[in-house]
Amino acid sequence: MRPSPLLSLLVTLAAFTASAQDSDVSLAGGSRISVQGGWRYVRNATFYDNFYSQPGNEGLERAPQSHGGPLVVGSFAYSVTELIEVGIDLFALGERPQLTNQPQLTTWAYGALLGLRFQRWLDLGPEGTVPFVGLLTGPVLATATFQGQPPRETLSQAWAGSVGATLRLNPQWGLNLEFRQVFARGAVGRTDQRFGSFNAGGSWLTVGATYTFPPDPGPALRSPF
């Protein structure tokens, strides 16, 4: 039996934490802002199967299945220690699934993921590389709208695992690559019919830029001038 993505992430997290104790550079006290864009991959097979199995829809030709859509993420994080970073990811994503004999459906999701990332500084690249793994959770507002119909909104709790790295080009700027596996759902329906729920999570791959604020040196090390 194949292990679940979340279980694999937990195993990686444990191994990463154990190996991060010999870091040569302290990240404690630093903070960062990352802006990323990318693609969200999701099959939504359950949603499509539910629609085409409803009474009256069994004989319909299936529409081409959507495989996700674009997303943007803004991360704001602070390193409590050289190993642990706390942060919040604000995100927005969209998708346009198509159903046979139905108006155009557009789905959106907005939310915030709060959590911990376990990090380590490595002497790779111009100013080092910081790989990380994390666990996050937070609220997500999922919206599904058929053309000409009022939107249907669902507020739920999302859970996510994260793995990625930041390549520092200089002490302030870096390039960021991150993969997130997110679990969240949203309801789909019209005023006269309900179609089940769609996957508002999925597999997220994003790239972007990171600006790093250095740790505060403390009162004793500040210049009096």
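For residue 121, indicate whether it is in contact (Cβ under 8 Å) with a residue 60 or more places away in the chain and farther than 15 Å from residue 89 by Cβ.
yes
Can you tell me which residues in segment 184-202 are in contact with a Pro (Cβ under 8 Å, 6 or more places away or on another chain) and of a type in the set (A, V, I, L, M, F, W, C)?
198
Going by the conditions given, is residue 148 among the small types (Gly, Ala, Ser), out of contact with any Cys (no Cβ under 6 Å at 6 or more places or on another chain) and more than 30 Å from residue 27 (Cα to Cα)?
Yes.
Just one of (1) within 16 Å of residue 32 (Cα to Cα); (2) under 13 Å from the mean Cα position of the chain (by Cα); (3) not β-branched (Val, Ile, Thr) trips up residue 111, so point out which.
(1)
Matching residues to (1) surrounded by 14 or more Cβ atoms within 10 Å (Cβ to Cβ); (2) at pLDDT 85 or above; (3) under 21 Å from residue 185 (Cα atoms); (4) not basic (Lys, Arg):
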{"position": "16", "(1), (2), (3), (4)": "yes, no, no, yes"}
{"position": "19", "(1), (2), (3), (4)": "no, no, no, yes"}
{"position": "26", "(1), (2), (3), (4)": "no, no, no, yes"}
{"position": "29", "(1), (2), (3), (4)": "yes, yes, no, yes"}
{"position": "39", "(1), (2), (3), (4)": "yes, yes, yes, yes"}
{"position": "42", "(1), (2), (3), (4)": "yes, yes, yes, yes"}
{"position": "48", "(1), (2), (3), (4)": "yes, yes, yes, yes"}
{"position": "61", "(1), (2), (3), (4)": "no, yes, no, yes"}
{"position": "68", "(1), (2), (3), (4)": "yes, yes, yes, yes"}
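Go through segment 79-98 and count every residue that is surrounded by fewer than 21 Cβ atoms within 10 Å (Cβ to Cβ) and under 16 Å from residue 187 (Cα atoms).
3
State which residue is modelled with the lowest pLDDT when the search covers only segment 113-125 and only residues that are within 16 Å of residue 78 (Cα to Cα) and surrounded by fewer than 21 Cβ atoms within 10 Å (Cβ to Cβ).
121
Table: residues versus (1) more than 26 Å from residue 98 (Cα to Cα); (2) at pLDDT 95 or above; (3) surrounded by 16 or more Cβ atoms within 10 Å (Cβ to Cβ).
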residue	(1), (2), (3)
158	no, yes, yes
171	yes, no, no
181	no, yes, yes
194	no, no, no
197	no, no, yes
211	yes, yes, no
215	yes, no, no
224	yes, no, no
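So residue 163 fits all but one of (1) over 28 Å from residue 60 (Cα atoms); (2) without any contact (Cβ under 8 Å) to a residue 60 or more places away in the chain; what number is the exception?
That leaves (2) as the condition not met.
For segment 87-109, enumerate the residues that are farther than 15 Å from residue 68 by Cα and among the hydroxyl-bearing types (Ser, Thr, Tyr).
The answer is 100, and nothing else.
The values are calculated or read from the model by the stated rules, or taken from the named source; none is laboratory data. Only a predicted model underlies this, so the values are computations on that prediction, with no experimental measurement involved. Cβ sites come from the backbone with ideal geometry, for glycine too, and all protein chains shown count toward neighbours.
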